[in-house]
Amino acid sequence: MPPSLAPFSGLGLGLRPPHYEAILAAPQPVDFFEIISENFMIDGGRPLHVLDRVRADYPVAMHGVSMSLGSPDGPGPDYLRRLHALMTRVDPLWVSDHLCWTGVNGHNSHDLLPLPLNEEAMATVCRHIDRVQTFLQRPLLIENPSTYVTFAEDTYTEWGFLTELCRRTGCYLLLDINNVFVSAHNHGFSAQTYLNGLPLERVRQVHLAGHSEGETLLIDTHDAPVPDGVWALWAEVAPRLSHAAVMIERDDEIPPLPELLSELDTARRLTSPVVYV
Amino acid sequence: MRLADTQLDFLGQILATPAPTVSEGMRVYHHAYRARLAGAMAETYAQVWAWLGDETFNSEVRAYVEQHPSSQWSLDDYGQDFAGFLAQRFPDDPEIAELAWLDSALRQAFAAKDADLLDGAALTQVSDWETVRFVLNPALHHRAIRSNAPALWRALSKNETPPEVLYFEETSGLCVWKTALASRFRTLEADEYALICALAAGQGFAAACETLMRDAPDRDLTAQIGAWLGQWLAEGLITGLDTTETTA
């Protein structure tokens, strides 16, 4: 089992190129920034220069999208070597990735693809989490994905699968409230049942994001403000997650920084409700 | 079904053309794959896009994506063969592939290892010019070109009307590299480019100069080579000296 991971209960934003200038120009009212690890797993250039300057002033969480913990091969040696180098450079709050697979047989979809939630997938994901945690000498945070299909082979619920992953590997959770909202709509389960079924004490970080509407499905596009339904779900569960770091996640149609800071204020109000005495 | 078989089948449905009709969910994944790769290419190939226009660029990207499944974990590395693909699609318009190469090389230079400029005083410390090798900028990419693609690129990147396309009898060199976190590029005449190619291939400076002068016996290039050397130092094409004698 990896070492335990102390909680950090701040409010943060993703570090994205359109905001570099503003973030470097003046202190911002955030407690941490989250980076997409792969964007900085490079040899040099301005992004690393910016990251070093940001890291000097703020804690940073590393969030990956390419670990492919659910594919039979898992992450390759080049990927892990670069991830380790970045981790050493950043000394992050934590390193996270998703419950998903991204490719197989040398082909990469660059997407967070859904897993059949059964024992074979459980054994595969556990094996790779163990391997990565041993390599990094740190526990991972695993994020629940948005999914658009389920499999006839499923023998676990997603929350049951995540709970068992934590038990077997000692990993922690990155809980994406929007993804719970989206998958609950897409697959017809109760978001409350999902949240009640998770070991919330293992959650170290929360994502709040927006989505878009397909024909009948909701799609996790990260290109819109956090919608009312996601805020409402967060308001319900926030009192039980006061130990977790919370951030607004926006990857497309990125608005000016003040707009995201305003959304973060909403999260702040819901996360720390006013207490009347 | 075994996990690997399930995933092979799933990926097969994503890569299939046309889109699978089995479920809305599979169509979401099918569409997202293409949208993500096309988005990455639109970001990298901004000036090719401006040159070809929306319709042609999007059509070429769609064709490229269908023929080139991604095999790298980094999305930023996707599409690096686009210049070669366009060279085959537009054999009579070399400026298109050359613009694509320049877009891609600038992108790769952006994320390449950084290096400081070499202080010219270091050259005064060289005791044996027969063995000295220059370390070139780690972000350096170079290729031969036969159009005025660099001029087109500059105009397109500033949203200016590009000049008339020109094709040249003799090829020249196009170098891309990075200094002070900024990617940059320059066209090199044939002799200077030949020398840079030799140095980039690891040849010693003296040997590379000797080869160049042997190939141009009717010209005295000594002063010219000295001028190039000064320019390479000033603009960061050379970032180090290796005075270790080798037998390679």
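Structure above, values below:
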item	result
Test: residue in segment A:132-144 that is in contact with a Cys (Cβ under 6 Å, 6 or more places away or on another chain) and facing chain B (nearest Cβ under 8 Å)	no
Number of positions in segment A:188-204 that are within 14 Å of another protein chain (Cβ to nearest Cβ) and in a helix (DSSP H, G or I)	0
All positions within segment B:44-92 that are out of contact with any Leu (no Cβ under 7 Å at 6 or more places or on another chain), touching a residue at least 60 places away in the same chain (Cβ under 8 Å) and not β-branched (Val, Ile, Thr)	B:ALA46
Filter result for A:LEU233 (under 27 Å from A:LEU5 (Cα atoms) and either touching a helix residue (DSSP H, G or I) at 6+ places or on another chain (Cβ under 8 Å) or hydroxyl-bearing (Ser, Thr, Tyr) (or both))	yes
Failed condition for B:ARG27, given (1) of a type in the set (Lys, Arg); (2) out of contact with any helix residue (DSSP H, G or I) (no Cβ under 8 Å at 6 or more places or on another chain); (3) under 29 Å from A:PRO18 (Cα atoms)	(3)
Per-region count, segment B:114-142, residues charged (D, E, K, R) and crowded, with 20+ Cβ neighbours inside 10 Å	1
Listing of helices (runs of 4 or more DSSP H) fully contained in segment B:1-117 that carry 1 or more residues being more than 11 Å from chain A (Cβ to nearest Cβ) and within 23 Å of A:SER109 (Cα to Cα)	B:24-44, B:46-67, B:82-89, B:94-110
Within segment A:104-119, considering residues that are within 7 Å of chain B (Cβ to nearest Cβ) and touching a strand residue (DSSP E or B) at 6+ places or on another chain (Cβ under 8 Å), the one surrounded by the most Cβ atoms within 10 Å (Cβ to Cβ)	A:LEU113
Qualifying residue in segment A:142-150 (condition: closer than 23 Å to A:PHE8 by Cα and out of contact with any helix residue (DSSP H, G or I) (no Cβ under 9 Å at 6 or more places or on another chain))	no
Test: residue in segment A:13-34 that is on the phi < 0 side of the Ramachandran plot, in a loop (DSSP other than H, G, I, E, B) and of a type in the set (Ser, Thr, Tyr)	no
Answer residue from segment B:96-113, given it is of a type in the set (D, E, K, R), out of contact with any Asp or Glu (no Cβ under 6 Å at 6 or more places or on another chain) and more than 16 Å from B:GLY173 (Cβ to Cβ) and is surrounded by the most Cβ atoms within 10 Å (Cβ to Cβ) among those	B:ASP103
Some residue of segment A:23-31 being touching a Ser or Thr at 6+ places or on another chain (Cβ under 9 Å), modelled with pLDDT of 95 or more and more than 13 Å from chain B (Cβ to nearest Cβ)	yes
Flag for A:LEU162 being in a strand (DSSP E or B) and within 15 Å of the chain's Cα centre (by Cα)	no
Search result, residues across segment A:37-89 that are among the small types (Gly, Ala, Ser), over 20 Å from A:HIS107 (Cα atoms) and surrounded by fewer than 16 Cβ atoms within 10 Å (Cβ to Cβ)	A:ALA56, A:ALA85
For A:GLY44: the one exception among (1) touching a Lys or Arg at 6+ places or on another chain (Cβ under 8 Å); (2) closer than 18 Å to B:GLN72 by Cβ; (3) facing chain B (nearest Cβ under 8 Å)	(2)
Of the criteria (1) surrounded by fewer than 14 Cβ atoms within 10 Å (Cβ to Cβ); (2) under 30 Å from the mean Cα position of the chain (by Cα), which one B:LEU15 fails	(1)
Any hit, segment A:71-78, residues being at the interface with another protein chain (Cβ under 10 Å from one of its Cβ atoms), of a type in the set (S, T, N, Q) and on the phi > 0 side of the Ramachandran plot	no
Set A:HIS207, A:HIS185: member being surrounded by fewer than 20 Cβ atoms within 10 Å (Cβ to Cβ), outside any loop (DSSP other than H, G, I, E, B) and touching a strand residue (DSSP E or B) at 6+ places or on another chain (Cβ under 7 Å)	A:HIS185
Tally, over segment B:201-227, of residues that are buried (at least 18 other Cβ atoms within 10 Å of the Cβ) and under 30 Å from A:GLY45 (Cα atoms)	3
Close pairs (6 angstrom Cβ cut-off, 6 or more residues apart or separate chains): within 27 Å of B:ASP116 (Cβ to Cβ) and free of Cβ contacts under 8 Å to residues at least 60 places away in the same chain in segment B:136-162, crowded, with 20+ Cβ neighbours inside 10 Å and of a type in the set (Val, Ile, Thr) anywhere	B:HIS141/B:VAL176
Qualifying residues in segment A:161-182 (those that are farther than 28 Å from A:LEU264 by Cβ and of a type in the set (Ser, Thr, Tyr)) - the one surrounded by the fewest Cβ atoms within 10 Å (Cβ to Cβ)	A:THR163
Some residue of segment B:166-185 being polar (S, T, N, Q) and not in a strand (DSSP E or B)	no
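The values are calculated or read from the model by the stated rules, or taken from the named source; none is laboratory data. Please read these numbers as outputs of a predicted model, since none were measured by experiment. In this analysis, Cβ positions are derived from the backbone assuming ideal geometry, glycine residues included, and neighbour counts consider all displayed protein chains.
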